[in-house]
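The values are calculated or read from the model by the stated rules, or taken from the named source; none is laboratory data. Small disclaimer: the values here were computed from a predicted structure and weren't measured. Here the Cβ positions follow ideal geometry from the backbone for every residue, glycine too, while neighbour counts run over all protein chains shown.
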Amino acid sequence: MLKFGAKRWLFIGIALAIAASFLSPNFNRYYLGVGIDVGIAIILAVSLNLINGHTGQFSLGHAGFMAVGGYFAAWISLKLGESAEVFFPLSLLAGGLFAALIGLFVGIPSLRLRGDYLAIVTLGFGEIIRVVAQNTEAIGAASGLKGIPKLTNLGWTFGLAALTIYIITALVNSTYGRGFLAVHDDEIAAESSGINTTRYKVVAFVTGSFFAGIAGGLYAHHKQFLAPTGFDWLKSVEIVVMVILGGMGRTAGVVAAAILLTLLPEFLREVSEYRMILYALLIIFLMILRPEGLFAFKLKRRQTS
Amino acid sequence: MSEPLLELKDVTIRFGGLTAVSALDLTIHSNELIGLIGPNGAGKTTAFNMITGVYRPTSGQITFAGKNTLGIKPSRLAGLGVARTFQNIRLFGSLTVLDNIRVATQLHNPTGYFGSLWRGKNWKTGEAKLEKQALELLEIFDLAKFRDELATSLPYGAQRRLEIVRALATHPKLLLLDEPAAGMNPAEKDELIRLIRFVKDRYQLSVLLVEHDMKVVMGICERIAVLEYGRKIAEGTPKEIQCHPKVIEAYLGAAAV
């Protein structure tokens, strides 16, 4: 899929996002908000797809990493005060890097575990983050972090979404990145073919955490308010559902699922309490009827480069 | 003879109360073709797993090319030159035939994470080189026509061959083949015998072969070691093994004489 000119698509994506950003004052504020939600969801889902889809490690802690990045970036912005706008990209980057660092610490011990165990450890990690946030006065504790400047716009959101898609796709479509898929298919065979499976898993996990942190920073400066309850395990499940719905390891499908699952609740406002029931049913029926993912069309795995 | 390529000295492994391999001594020199035979459960695959670093022996010593390999991960051992195939084929099912080989050239991949993202000049030449290498290998083993097929969609014999090619892509000095003839018909077995000989001569490597098919083993091995209940009961040329009373009793059966 990605030819040598793949970088060109990245620049086109970023240019479109920036152009849209300049036009955004003319847009309806509600649609603008939903649009940014969609972009953030794309970053979250595509980055989780590297871990859960391509590399085949089942993580349930993505909301935790989002919280780490979000709180950290927001905290920096609040400390900076007036100059927060100038340093916004750096705050986002710092949030992403901090989330990646935490991802490294969580990943190294827990990626020795397989399947269900990894899911449980990452689930536990996500809860720890939430509880820590709930009890840390410096970031607002249970009442949440208020007054975060509104700096997230269409340009940043979709520019970074384009960057995420590019990075994950470029990685996977290279000889180096084929290692992630080999780990997914057969760890023992991968290891004996000279692929350091532990390192690949950690790299996937840290990369995923980084982008979750970036998404968290965007989210914080979009909603202008962070509450620990917003990052509970249901949020992680929501992102996992996007990945499963889109088809594990299929970036285009996952993007489509992220868009759909962000827009759907907007149309179903009246029945929003039943959203989780809807997700559960969706997954059950999907596993029975289309285990390869709703948006997975019969594609042969493309060759690299 | 020169210094041995692989040396197992007094290697023992216990799983709980079970001693799977006990006090095994085995030496393989460069460019030798050794067979390892024995009844089911004798510890042949366990020996493989210790040589390739999947299991760590309870006691004893394994040296490869003069290096103590205890505690070295399989991926690093692959880098040192130990490659293997599996009893039950383990190909990368979501990858194409070409990518199965390409991913195994990872050890010789000049670009890593950031290089693959930046996609600069080095990456391009590197990728082109790896692809060329992989294609050449596929061509030699008559698999190039399948290059864009998913690996697991190939016919059985081709999958076995592809596994051997994948092992060769790591540039091994020692190739371990775990029952490569399993499930093959006589014609395919003859083909396999030719293939193993060809691989050994062309790539100048040593081969350790676990196999139940006596025609294959006796036909190509220069030396054969026999395991029973984790112990080596005999070692010698195919001729010697065929008339060895202990081997006949334990494994070959009287009819084979």
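Quick check, is A:Val271 modelled with pLDDT under 80 and away from every other protein chain (no Cβ under 14 Å)? Here the answer is yes, as A:Val271 does meet what is asked. All conditions in (1) part of a helix (DSSP H, G or I); (2) within 13 Å of chain B (Cβ to nearest Cβ) hold for A:Ile195, with the sole exception of (1). Here B:Thr63, B:Thr96, B:Thr52 are screened, and the one residue that is in contact with a strand residue (DSSP E or B) (Cβ under 8 Å, 6 or more places away or on another chain), touching a residue at least 40 places away in the same chain (Cβ under 8 Å) and not assigned by TED's automatic domain parsing to the domain that holds B:Leu26 is B:Thr96. Pairs meeting the criteria (first residue in region A:127-139 and farther than 15 Å from A:Lys235 by Cβ, second residue assigned to a helix (DSSP H, G or I) and of a type in the set (Ser, Thr, Tyr), beta carbons under 9 Å, at least 6 apart or on different chains) are A:Thr136/A:Tyr71; A:Ile139/A:Tyr71.
Restricting attention to region B:64-80, the residues that are at the interface with chain A (Cβ under 7 Å from one of its Cβ atoms) and crowded, with 20+ Cβ neighbours inside 10 Å total 3.
When A:Ala74, A:Ala63 are screened for being assigned to a helix (DSSP H, G or I), in contact with a Lys or Arg (Cβ under 7 Å, 6 or more places away or on another chain) and not acidic (Asp, Glu), only A:Ala63 passes.
Conditions (1) within 30 Å of B:Asp201 (Cβ to Cβ); (2) part of a loop (DSSP other than H, G, I, E, B), marked per residue:
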| position | (1), (2) |
| --- | --- |
| B:Lys9 | yes, no |
| B:Val21 | no, no |
| B:Ser30 | yes, yes |
| B:Thr45 | yes, no |
| B:Phe48 | yes, no |
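Just to be sure, is B:Ile101 farther than 16 Å from A:Val172 by Cβ and either among the charged types (D, E, K, R) or facing chain A (nearest Cβ under 10 Å) (or both)? Judged against the criteria, B:Ile101 is a match. Among residues of region A:228-247 that are on the phi > 0 side of the Ramachandran plot, those with a beta-carbon under 9 Å from a residue that is surrounded by fewer than 19 Cβ atoms within 10 Å (Cβ to Cβ) at least six positions away or on a different chain give the pairs A:Gly247/A:Arg290; A:Gly247/A:Glu292; A:Gly247/A:Leu294; A:Gly247/A:Phe295; A:Gly247/A:Ala296; A:Gly247/A:Phe297.
Considering only region B:81-89, I want to know if a residue exists there that is surrounded by fewer than 20 Cβ atoms within 10 Å (Cβ to Cβ), closer than 20 Å to A:His184 by Cβ and at the interface with another protein chain (Cβ under 7 Å from one of its Cβ atoms). No, region B:81-89 contains no residue that is surrounded by fewer than 20 Cβ atoms within 10 Å (Cβ to Cβ), closer than 20 Å to A:His184 by Cβ and at the interface with another protein chain (Cβ under 7 Å from one of its Cβ atoms). Of everything in region B:141-161 that is surrounded by 15 or more Cβ atoms within 10 Å (Cβ to Cβ), touching a residue at least 24 places away in the same chain (Cβ under 8 Å) and more than 14 Å from every other protein chain (Cβ to nearest Cβ), the residue that is nearest to B:Thr96 (Cα to Cα) is B:Leu143. Exactly one residue among B:Gly93, B:Gly126, B:Gly41, B:Gly60 is in a strand (DSSP E or B) and either more than 21 Å from B:Ala225 (Cα to Cα) or away from chain A (no Cβ under 14 Å) (or both), and that residue is B:Gly60.
What residue, among those in region B:162-190 that are surrounded by fewer than 22 Cβ atoms within 10 Å (Cβ to Cβ) and basic (Lys, Arg), is nearest to the chain's Cα centre (by Cα)? This residue is B:Lys173. Condition check: surrounded by 24 or more Cβ atoms within 10 Å (Cβ to Cβ) and not aliphatic (A, V, I, L, M). Does A:Phe98 satisfy that? No; evaluated as a whole, the condition is false for this residue.
The lone criterion from (1) over 20 Å from the mean Cα position of the chain (by Cα); (2) within 18 Å of B:Leu168 (Cα to Cα); (3) at the interface with chain A (Cβ under 7 Å from one of its Cβ atoms) left unmet by B:Ser116 is number (2). Out of B:Val226, B:Val247, B:Val210, which single residue is without any contact (Cβ under 8 Å) to a residue 60 or more places away in the chain, closer than 22 Å to B:Ala20 by Cα and touching a strand residue (DSSP E or B) at 6+ places or on another chain (Cβ under 7 Å)? Criteria check complete, one pass: B:Val247. Screening A:Ala220 on (1) buried (at least 24 other Cβ atoms within 10 Å of the Cβ); (2) at pLDDT below 95 shows it passes everything except condition (2). Taking the listed residues A:Val121, A:Val106, the one that is surrounded by fewer than 22 Cβ atoms within 10 Å (Cβ to Cβ) and in a helix (DSSP H, G or I) is A:Val121, with no other qualifying.
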